[in-house]
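Down below is the structure, laid out as structure tokens.
The values are calculated or read from the model by the stated rules, or taken from the named source; none is laboratory data. Every value quoted in this text rests on a predicted model; they were computed, and no experiment measured them. FYI the Cβ positions are ideal-geometry reconstructions off the backbone, even for glycines, and counts take in every protein chain you see.
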Amino acid sequence: MKKANRKQIKFTVNEYLPQILSALDAYYPDKLPVTLNNESPWELLVATILSAQCTDARVNMVTPALFKRYPDPMTMASADIMELEDMIHSVGFYHAKASNLIKCAKMVAYEYGGTVPSELELLTSLPGVGRKTANVIRGNIYGIPSIVVDTHVKRISKKLGLTENTDPTKVEYDLMNAIPEDHWIRWNIQLINFGRTICKAPVPLCEECPLRKYCPSSLIG
């Protein structure tokens, strides 16, 4: 078998970005669903808080019983913290997550009338909610163009030469400056799926990658 050599590409974002976006759209012709199971803005908010440093698959195993027991912010606001901790124990960091969920539920229930807000500043004021979680809600619930910087988005965007930063907020702004706004939500979901199936860490499947012609990190010679 021929040994793959690292390909030397003179990468220019302005030159190749349209092709990258088109290739991703062709690879994912249908709208990709959010991988966290939910039936309401509140459920997506809870699931996203639980997903910090945890897989979506694990969160999806926990949330059916959780949402049945606490179907809305008002019921979770009055939850017994020890019972809540027991229900979310397997997602990790359950002490902090349970505490944040109850505090978050109280704010949503009593300050926002049970409605999850759409404004970035209001979302990030909720306990347990950072820019990543806020942008998940803004993009997937309210359709507001937002960049979600998770581990896959950050890693692959850096591979493609769209950012040199590692801080998620700086990466977010780099991508906002580079990518057309009408692609922001698609970029999030496409790269998350792409990172799980093709551009996997630590060994990407370069031979199967539709972006290999435009990727400075391609191993295809």
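Against the numbered list (1) in contact (Cβ under 8 Å) with a residue 12 or more places away in the chain; (2) touching a helix residue (DSSP H, G or I) at 6+ places or on another chain (Cβ under 8 Å), Asn165 comes up short only at (1). When Pro127 is tested against (1) outside any helix (DSSP H, G or I); (2) crowded, with 21+ Cβ neighbours inside 10 Å; (3) in the same structural domain as Thr55 (by TED's automatic domain parsing), exactly one condition is not met: (2).
Is there a residue in region 163-180 that is in contact with a Pro (Cβ under 6 Å, 6 or more places away or on another chain) and surrounded by fewer than 20 Cβ atoms within 10 Å (Cβ to Cβ)?
No, region 163-180 has no match at all.
If the condition is being closer than 25 Å to Lys132 by Cα, outside any loop (DSSP other than H, G, I, E, B) and free of Cβ contacts under 8 Å to residues at least 40 places away in the same chain, then region 192-221 contributes only Thr197.
Residues are listed down the side, and each one gets a yes or a no for (1) exposed (fewer than 14 other Cβ atoms within 10 Å of the Cβ); (2) under 26 Å from Tyr142 (Cβ atoms):
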{"position": "Ala23", "(1), (2)": "no, no"}
{"position": "Glu39", "(1), (2)": "yes, yes"}
{"position": "Leu50", "(1), (2)": "no, yes"}
{"position": "Asn60", "(1), (2)": "no, yes"}
{"position": "Leu122", "(1), (2)": "no, yes"}
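Residues in region 70-114 that are over 23 Å from the mean Cα position of the chain (by Cα) and of a type in the set (Asp, Glu): Asp80, Glu83, Glu85, Asp86, Glu111.
Of the helices (runs of 4 or more DSSP H) lying entirely inside region 54-94, the ones with 3 or more residues being free of Cβ contacts under 8 Å to residues at least 24 places away in the same chain and of a type outside the set (A, V, I, L, M) are found at 56-69, 81-88.
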